[in-house]
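Worksheet: one structure, shown below.
Read the figures in this text as sums done on the coordinates, not as results from a lab. Model, not experiment: these values are computed from the prediction. Note: ideal-geometry Cβ built from the backbone for every residue, glycine included; neighbour counts use all protein chains shown.
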Amino acid sequence: MISLSIADTTQFGIMRGIVSDYEKAFDLVTKAGYTAKLTDVLAVSICDEPGKLAQILRLLADHRIGIDYLYSSVKNQGHDAMIVFRVEDTRQAIQLLKDNNIKLLSQEEVKSL
């Protein structure tokens with residue numbers, strides 16, 4: 001398990017997770033009788049400094065790319081942070097981040113964290 005978020009209401013709960021083997025996790029959850037859905041997300045690596053996340057958020061906002069949710073993780077304080085985004089327009093966001101030299105992490109890079 002790389003990242004986990006749980007939210008609930010009086011009628012249901014939502015668990016969102018970033019895992020190293022999403023196919024296995026999906027299989028385990030569905031075989032246990034739970035509803036599961038795979039969702040594409042973007043992972044970026046940014047310097048763990050004040051204002052760096054705000055720069056990315058401003059860039060996305062300036063291009064009217066909505067963020068559904070995000071996760072953040074810092075492995076070694078003072079170094080890089082991983083931010084995982086679920087955005088409205090994944091293709092546009094990927095191109096925008098690449099054009100602005102923001103490091104996108106591959107699935108293999110996320111797995112290795």
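Residues F12, F26 in ascending order of nearby Cβ atoms (within 10 Å, fewest first): F12, F26. Relative contact order of the chain, taken over Cα pairs closer than 8 Å and 6 or more residues apart, is 27 percent.
Note on the chain: with charges restricted to the Cβ of Lys and Arg (+1) and Asp and Glu (-1), its dipole about the Cα centre is near 60 debye. Which entry in (i) 19, 17, 13; (ii) 35, 13, 12; (iii) 26, 17, 14 matches semi-axes √(5λ) of the Cα gyration tensor in Å derived from the coordinates of this structure? It is the one labelled (iii). Report summary: the helix-based calculation at 222 nm, which adds -39500 (n - 2.57) for every DSSP H run with n ≥ 4 and divides by the residues of the chain, gives -9000 deg cm²/dmol.
Once each of the trypsin sites (Lys or Arg not before Pro) sitting in a DSSP loop with at most 14 other beta-carbon atoms within 10 Å is removed, the chain keeps 76-113 as its longest stretch.
With respect to the chain, whose longest principal axis is taken over its alpha-carbon atoms, helix 22-31 is tilted by about 30°. Label-to-label distance, L104 versus T35, with points set 7 angstrom from Cα along the beta-carbon direction: 3.0 nm.
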